[in-house]
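None of the figures in this text is laboratory data; all of them are computed from the coordinates on show. None of the values given here were measured: they were computed from a predicted structure. So basically every Cβ, Gly included, is an ideal-geometry build from the backbone, and we count neighbours across all protein chains shown.
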């Protein structure tokens, strides 16, 4: 734990850590969220700061924001963290919160994922700010993450509004220096420490008669926020060569500054609502201006609404993550390096860029794979052999869709599996029973309701819950099934029993399996699929990585006589490998390397008994 009094002059922080520190500095009372890359590290770091904040994971993003709203109504500051798609889940309360406003400051941290490093889409959550008519900050480094998070609470309270703080993957995970010295506020020192709860029905009860008034108030608030955006000093102008100008925000500013330091810049840190007067003044003083922004033409469209037509997406892609090379290419298209005056600067701009390395032996492409000993492997291998349609979900088990397992048919949104399985089964387009599959954390997040719906509507499919006792994909966070939470990692009452929830729904046919026993796994799944009932299969093996790496102590080898039939390779286990550079043999014989954790799945699958335990 860090002390409440911090006497550091400089800290090397990721953007996520800096956001946590900024929340602590601002006296956040409650911080809640659901883990999702690239936002996952904010709450764990805040929980270690010993700032006095109540820090917890919630069952899903909607519930987390609702907890934050309740905290705000109680005059305390609250922070809600999520990845970009998580804000979709929380959008229902967010859109109405934009009308009610707040009491204690409320900051919504959304971490977008351009390039989809760990996401199913790359939506641009700047659009939520405009959609909800609420202000937005966009930091470009860790110092701004710290400062803007703290400032966002002030803006929230001063303007009676929730505030969005938007980052992207490179801001969330990159480290840079942030200066912080001082102490965290005590409870009595925190802003808005009024404790006496008061009714305010016209503000917080959004029946139509009151909601209409609040909508008008939100529109008036937006006008005041435009004035603030122009005069706050958060948006900055850097005049250099007025022949060339760039309007940008967030991480795009860093790329543009690296490639074209000679240009004049309008950096939008308080990027919604846009500072109309600053933009008009910048356009008046600079000749050739382009807009550099990842994903949607948000700034470009907003600027056009002011009657100022500037180019941006004509030179830069609307998909994927930017990097210095992409920015350089776009600026070249925009004519930023034409003529003798800028030719030398183009040359200098390229000096610091990475040199392209040509490999004489390029590495072969490799699909991502489940970990060695992952308890999900046997389930997906069995489903592949059973040749049934499988509606999948969001998690590391999504890798079960990839070769060589090829055992999942869909992955669209979190909690989709059971609803999609019900819908597909209704169509009778498959002569085989449908499977819906999701992890334990996803089941708590949004799977329970769809399973209730399936029971209520007399659906006929097999629901598989892969219970590995953690939220594995995002780094091993706890959930209601683990009995622990972030507040000093202590037990938080009895953990929630998945089987009892299913029994409470009224589903009688429930199977529990050990996925390390492949033969039993296959038999149980076949039995469940042969049944014409709605039934549930629950696996029961912990993740091999979280909370600590597992090794059973056993090791296996492929014995002499193996003919290279390829059965064991079809599990996709990274520990089973072909000899490097081996050519000529029609059926090369694989080997099991030292990363094997001894799960024994491959031994069960080898029908020729050529895999044996090493004594």
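With everything on Cα atoms, drop me the angle between helix 340-351 and the longest principal axis of the chain, reported from 0 to 90° to the nearest 10.
40
What does the C-alpha gyration tensor say about the overall shape of the stretch 30-124? Classify as rounded when a/c is under 1.5, otherwise prolate if a/b is larger than b/c, or oblate.
In terms of gyration-tensor shape, oblate.
Say each of residue 523 and residue 212 gets a label point 7 Å from the Cα, pointing the same way as Cα to Cβ; how far apart are those two points in nm?
The modelled label-to-label distance comes out at 6.9 nm.
How high is the FRET efficiency between residue 587 and residue 612 when r is their beta carbon distance and R₀ equals 25 Å, given to the nearest 0.05?
Calculated transfer efficiency: 0.80.
Among 557-565, 106-114, how do they line up by average Cβ neighbours within 10 Å per residue, starting with the highest?
Packing proxy ranking, top to bottom: 106-114, 557-565.
Using a 7 Å offset from the Cα along the Cα-to-Cβ direction at both residue 258 and residue 387, what is the distance between the two label points in nm, to one decimal?
It works out to 5.1 nm between the two label points.
R0 = 25 Å: FRET efficiency of residue 401 with residue 577, Cβ-based, nearest 0.05?
0.70
What is the Cα radius of gyration of the chain over 2.2 N^0.38 Å, N being its residue count?
With N residues counted in the chain, Rg over 2.2 N^0.38 Å equals 1.08.
Using just the alpha carbons, could you tell me how many Å³ per residue the convex hull of the stretch 178-327 encloses?
Considering the Cα atoms of the stretch 178-327, their hull volume per residue is 182 Å³.
Mind checking the angle between helix 518-530 and the chain's longest principal axis? C-alpha axes, 0 to 90 degrees, to the nearest 10.
That works out to roughly 80 degrees.
Sort the following peptides by mean Cβ neighbour count (other Cβ atoms within 10 Å, averaged over residues), highest first: 96-105, 513-522.
Packing order, densest peptide first, comes out as 96-105, 513-522.
Could you work out the relative contact order of the chain, using alpha carbon pairs under 8 angstrom and six or more residues apart, expressed as a whole percent?
Taking the mean separation of contacting Cα pairs over the length of the chain, I get 11 percent.
Sort 154-164, 592-602, 311-321, 244-254 for me by packing, meaning the mean count of neighbouring Cβ atoms within 10 Å per residue, highest on top.
Order by mean packing, descending: 244-254, 154-164, 592-602, 311-321.
At a Förster radius of 25 Å, what calculated FRET efficiency corresponds to the Cβ-Cβ distance of residue 220 and residue 308, to the nearest 0.05?
0.55
What is the Cα coordinate range of the stretch 551-615 on the first, second and third principal axes, sorted by size from largest, in whole angstrom?
36, 23, 21
What percent do you get for the relative contact order of the stretch 58-214 when only Cα pairs under 8 Å and 6+ apart count?
Once normalised by length, the contact order is 26 percent.
Using only the alpha-carbon atoms, how far is helix 91-100 inclined from the longest principal axis of the chain? Give it as 0 to 90 degrees, nearest 10.
30
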